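*Asks:* Got a structure here, written out as structure tokens. Questions coming.
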Amino acid sequence: MELTLLAVMPGLLIWLAILLLPWRPWSTRESLDSQSPRKPRLSNVTVLIPARDEAETICSDTRTV
């Protein structure tokens, strides 16, 4: 009985410490902070779509948003 209690106590203490610590390890929501309050300019964004032998089906129309 005493040996079982000594084997269980470290695990119990670790779990109690995890549950009681103020930094809340179970709360892992990502928080993204913006550097500037304005919207980013998307006119400088280039998208590259890899395609092989699709020249006949891909439209070559370039549009600006």
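*Asks:* With the structure loaded, tell me whether Leu6 is at pLDDT 75 or above, surrounded by 10 or more Cβ atoms within 10 Å (Cβ to Cβ) and in a helix (DSSP H, G or I) or whether it fails that test.
*Replies:* It is false that Leu6 is at pLDDT 75 or above, surrounded by 10 or more Cβ atoms within 10 Å (Cβ to Cβ) and in a helix (DSSP H, G or I).
*Asks:* What do you reckon, is Leu12 part of a loop (DSSP other than H, G, I, E, B) and at pLDDT 80 or above?
*Replies:* It is false that Leu12 is part of a loop (DSSP other than H, G, I, E, B) and at pLDDT 80 or above.
The values are calculated or read from the model by the stated rules, or taken from the named source; none is laboratory data. All values reported here derive from a predicted model rather than from experimental measurement. We place every Cβ from the backbone using ideal geometry, glycine too, and count neighbours over all the protein chains shown.
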